[in-house]
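Each reported figure results from applying straightforward, stated rules to the coordinates on display, with no laboratory input. Just so it is clear, the structure is predicted and the values come from calculations on it, not from any experiment. Glycine gets a Cβ as well: all are built from the backbone with ideal geometry, and neighbour counts include every protein chain shown.
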Amino acid sequence: MPEHSTALAHQFDDIDQQHESASLGMWIFLATEIMFFGGMFLGYSLYRSVYHPAWAEASRHLDVVLGGINTGVLLCSSLTMALAVHAAQLGGRRTVVALLIATILLGSVFLGIKSVEYYQKYEEHFIPGPHFHFEGPNGTHAQIFFSFYFVMTGMHALHMIIGIGIMLVMIALTLKRRFSPEYYFPVEMTGLYWHFVDIVWVFLFPLLYLVDRS
Amino acid sequence: MSEHIVEKKIYYSVFGSLMALLGATIAIAYIHLGKLNVMAALTIAFIKAVLIILYFMHVRYSSRLLWIFVCAGFFWLGIMFALSFSDFLTRGWLPLPAGWE
């Protein structure tokens with residue numbers, strides 16, 4: 001099979017086995033990511049059950065409009081990512097590059113809106129630390145809420161920055177003609193990572209912004 | 001090539017459902033349901049996550065072995081939540097005997 005020789009690594013029987021190995025390895029990595037974010041979600045939930053009045057009050061200081069727009073932007077970026085993988089499966093190089101650039105742009109819009117939110121929180125003195133200020137008796141516990149808010153959204157944003165870096169590498173590799181309809185697995189694995197980061201936000205948005213609105 | 005290529009229109013309809021669910025979760029958040037607000041928000045988030053995993057992440061078209069790997073990740077997450085909450089949420093159930101405060 002000469003046309004396979006560039007794509008098929010020698011330790012695999014065939015390209016399907018190679019694809020299966022890549023997916024399994026990526027899902028093992030995602031399992032560690034599930035536990036990583038899971039620990040923070042667990043901490044958030046436990047503290048919310050203990051300090052519920054403070055949690056509800058602090059959560060209402062978050063901007064639902066910006067958070068909602070960001071969720072929509074991130075879902076759009078997941079669509080362009082899924083379409084990029086689809087184009088890679090069909091071998092459309094230019095389409096892959098265009099869709100990856102669109103995904104990067106949407107991801108950057110998300111990070112831009114997030115930094116606007118961070119700046120608002122900074123101006124309102126909601127950054128935990130010596131300058132933290134929260135009106136009313138719930139101030140101490142509200143500080144714990146904002147610690148969770150900044151750590152969880154910050155780790156999520158860090159994952160998005162890493163994802164954008166990986167996509168830039170995928171664009172370079174696509175332009176170097178490293179991929180074909182036979183071998184596009186790195187693009188697909190990048191997609192799995194990006195969709196995972198999207199799923200984390202799908203849970204962060206309602207838990208941080210929405211559950212105590214009514 | 002045995003790899004399944006998903007039709008584009010499936011991606012579009014999944015995306016449409018995700019956006020509709022986003023609208024729904026924001027709308028429901030402003031209706032006062034008490035404790036059901038959290039349940040509703042988490043249920044919608046769960047449906048969105050399942051849609052993304054099954055279609056965007058191609059798990060629906062993957063081998064049984066991959067299904068085991070995917071479920072294992074979430075199973076361990078379930079263990080962590082179940083054991084932690086069975087501790088924290090039941091601490092007030094039994095009165096402490098004198099001298100154990």
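When the P(r) is computed for the range A:14-210, the part past 28 Å accounts for 35% of the Cα-Cα pairs. Each residue of the range A:182-188 was assigned a 3J(HN,Hα) from its phi angle through the Karplus curve 6.51 cos²θ - 1.76 cosθ + 1.60 (θ = phi - 60°); the sequence is 6, 9, 10, 4, x, 5, 5 Hz, with glycine and proline shown as x.
If R0 equals 22 Å, the separation of the Cβ atoms of residue A:162 and residue B:46 corresponds to a calculated FRET efficiency of about 0.30. Placing +1 on the Cβ of every Lys and Arg and -1 on the Cβ of every Asp and Glu, with nothing else charged, gives chain B a dipole about its Cα centre of roughly 280 debye. A Förster distance of 41 Å, applied to the separation of the beta-carbon atoms of residue B:13 and residue A:140, puts the FRET efficiency at 0.30. Please work out the Cα center distance from the range A:127-180 to the range A:1-52, rounded to the nearest Å. Cα centres, the range A:127-180 to the range A:1-52: 20 Å. Against chain A, whose longest principal axis is taken from its Cα atoms, helix A:15-50 shows a tilt of about 0°. Between residue B:65 and residue A:155, what FRET efficiency follows from the Cβ-Cβ distance if R0 is 41 Å, with the result rounded to 0.05? That gives a FRET efficiency of 0.85. Exceedance of the 28 Å cut-off in Cα-Cα distance is limited, within the set A:114/A:176; A:114/B:9; A:176/B:8; A:114/B:48, to A:114/A:176; A:114/B:9. Rounded to the nearest 20, the size of the Cβ-charge dipole of the range A:14-210 about its Cα centre is 420 debye, with Lys and Arg at +1 and Asp and Glu at -1. Shielding value for A:198-210 is 6, the average number of Cβ atoms from other chains within 10 Å of each residue's Cβ. Based on the alpha-carbon gyration tensor of chain B and its eigenvalue square roots a ≥ b ≥ c, which shape applies: rounded if a/c is under 1.5, prolate if not and a/b is larger than b/c, or oblate? Oblate, since a/c reaches 1.5 and b/c is not below a/b.
In this rough spin-label picture, where each label sits 7 Å from Cα along the Cβ direction, the residue B:76-residue A:109 distance is 3.6 nm. Is the C-alpha gyration tensor of the range B:1-57 telling us rounded, prolate or oblate? Criteria: a/c under 1.5 is rounded; beyond that, a/b larger than b/c is prolate, otherwise oblate. Oblate shape, in that a/c is at least 1.5 and b/c is the bigger or equal ratio.
In sequence order, the range A:51-68 has phi-based couplings of 10, 4, x, 5, 4, 5, 5, 5, 4, 6, 7, 7, 8, 5, 4, 5, x, x Hz under the Karplus curve 6.51 cos²θ - 1.76 cosθ + 1.60, θ = phi - 60°, and Gly or Pro positions carry x. Stretched out straight at 0.36 nm per residue, the stretch from residue A:60 to residue A:11 would grow longer than its current Cα-Cα span by 12.2 nm.
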